[in-house]
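The values are calculated or read from the model by the stated rules, or taken from the named source; none is laboratory data. Just so it is clear, the model here is predicted, and its values are computed rather than measured. Cβ atoms come from the backbone with ideal geometry, glycine included; neighbour counts cover every protein chain shown.
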């Protein structure tokens, strides 16, 4: 991760951490960088935050000032930008969104011409330009000034693409969608209506400041209650830019990303679409997922936290499904990033083909209780390498055996360690976590338990 760009773009408080000037300069650099040997085209999408319109204008101004063309998809999803960048041969794509964060935050996500997250070396160059460490690009003049193009038709083609992914009608299926007052507020209903579902939609009235506000995949309780109240077959909750999806079964119970990956991987194996017989997870996936995959003979790999690392592993090793328990699920045959609406479609395909309720499918993955505590320390690596701390982690691991696990990992942005345990009961989890924290305390590294 760089100074500005983390694993999921340049993100922070609008007007403070991320300013309109930052957006203009990012546009200036990208417009010049991709116009070195041809007239470049860059596509931009945004979510529903009030500040997204400001950043859209600033980016477009910077891009066109450097002599490239800016194509505006307007309010759309992150996976839509990825899809259009790839299929319409844009030089790069930009998504304006802070994903599941509150409306006060915003972010700028950069994608390469294949619709994948931008290479680190290019983002490093952008950061150098932001810090004034490289030459200022020349301003375009006269007929060389770029154009700003309304490209809402790209969004419509993405909707058509999603509807074509489904090979079965959703007719007679009652489906509830929580759009988080975000990017999916129009698109999700269009897709499910086109596929024949009886669609119920909540949190689809964005006003610029209500994105993710007590709704969507990070506040799913409202959808759970709605599913029970309306008696629908299944519910799906998206986040602000709709690259995440969590599900709710017919009884109002949450089905998380780990359970979704299991359900879809098992189905893909059955129909011959899991050639590597492997699911890619992060180290934070639940122990219950691994136990369930073991039972049905599907292998798995673990990456660092972040869907970026999941996709890189999938691409390198030719795996077809991977994701995070937060709901980022990647189906590499169809997308280069997590896609919440696509994930919902894939779950629906399993429901229709198996004729089983979601509760029965999810019951095959009993999730282990999990406890996670954050501790501030004087030195992350020093603490993790401390022999007494290492010894305690090993002792906890041995104590749990095949019935749980512990994990000690460093935050990527602050002097914080995350201490996690999964076991048969919350009491066991707490006990193992506290043993590790006590070892950190005795080693002299502990500053505070949050």
Among the residues listed as 302, 373, the single one being over 14 Å from the mean Cα position of the chain (by Cα), within 22 Å of residue 404 (Cβ to Cβ) and without any contact (Cβ under 8 Å) to a residue 24 or more places away in the chain: 302
Looking at this structure, is residue 335 crowded, with 22+ Cβ neighbours inside 10 Å and part of a loop (DSSP other than H, G, I, E, B)? yes
Determine which member of the set 277, 325, 253, 286 is assigned by TED's automatic domain parsing to the domain that holds residue 229 and over 23 Å from residue 100 (Cβ atoms). 277
Could you list all residues from region 223-247 that are surrounded by fewer than 24 Cβ atoms within 10 Å (Cβ to Cβ) and without any contact (Cβ under 8 Å) to a residue 60 or more places away in the chain? 224, 225, 226, 228, 229, 230, 231, 232
Elements of type strands (runs of 3 or more DSSP E) in region 54-151, at least 3 residues being in contact with a helix residue (DSSP H, G or I) (Cβ under 8 Å, 6 or more places away or on another chain) and either crowded, with 24+ Cβ neighbours inside 10 Å or at pLDDT 95 or above (or both): 69-75, 92-96, 105-111
Could you figure out which of (1) within 21 Å of residue 236 (Cα to Cα); (2) under 21 Å from the mean Cα position of the chain (by Cα) isn't true of residue 118? (1)
Note on region 227-236: residues more than 16 Å from the chain's Cα centre (by Cα) and closer than 23 Å to residue 349 by Cβ are 227, 230, 231, 232, 233, 234, 235
On the basis of being surrounded by fewer than 20 Cβ atoms within 10 Å (Cβ to Cβ), assigned to a loop (DSSP other than H, G, I, E, B) and touching a helix residue (DSSP H, G or I) at 6+ places or on another chain (Cβ under 6 Å), does residue 204 make the cut? no
Selection from region 256-289 of residues that are touching a strand residue (DSSP E or B) at 6+ places or on another chain (Cβ under 6 Å) and farther than 17 Å from residue 358 by Cβ: 277, 278, 279, 280, 281, 282, 283, 287
Count of residues meeting criterion [out of contact with any strand residue (DSSP E or B) (no Cβ under 6 Å at 6 or more places or on another chain), in a loop (DSSP other than H, G, I, E, B) and closer than 24 Å to residue 354 by Cα] in region 209-243: 1
Residue 40 - would you say it is in the same structural domain as residue 122 (by TED's automatic domain parsing), in contact with a helix residue (DSSP H, G or I) (Cβ under 6 Å, 6 or more places away or on another chain) and without any contact (Cβ under 8 Å) to a residue 40 or more places away in the chain? no
Every pair of residues 6+ apart whose Cβ atoms lie under 6 Å, when the first sits in region 122-134 and is without any contact (Cβ under 8 Å) to a residue 60 or more places away in the chain while the second is surrounded by fewer than 18 Cβ atoms within 10 Å (Cβ to Cβ) and assigned to a loop (DSSP other than H, G, I, E, B): 128/134
Do you know which of the residues in region 145-156 that are more than 22 Å from the chain's Cα centre (by Cα) and touching a residue at least 24 places away in the same chain (Cβ under 8 Å) is farthest from residue 188 (Cα to Cα)? 145
With a cut-off of at least 2 residues that are within 18 Å of residue 433 (Cα to Cα), name the helices (runs of 4 or more DSSP H) lying wholly within region 344-419. 380-385, 387-400
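Conditions tested, residue by residue: (1) crowded, with 19+ Cβ neighbours inside 10 Å; (2) within 24 Å of residue 2 (Cα to Cα).
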residue: 346; (1), (2): yes, no
residue: 363; (1), (2): no, no
residue: 374; (1), (2): no, yes
residue: 389; (1), (2): yes, no
residue: 395; (1), (2): no, no
residue: 417; (1), (2): yes, yes
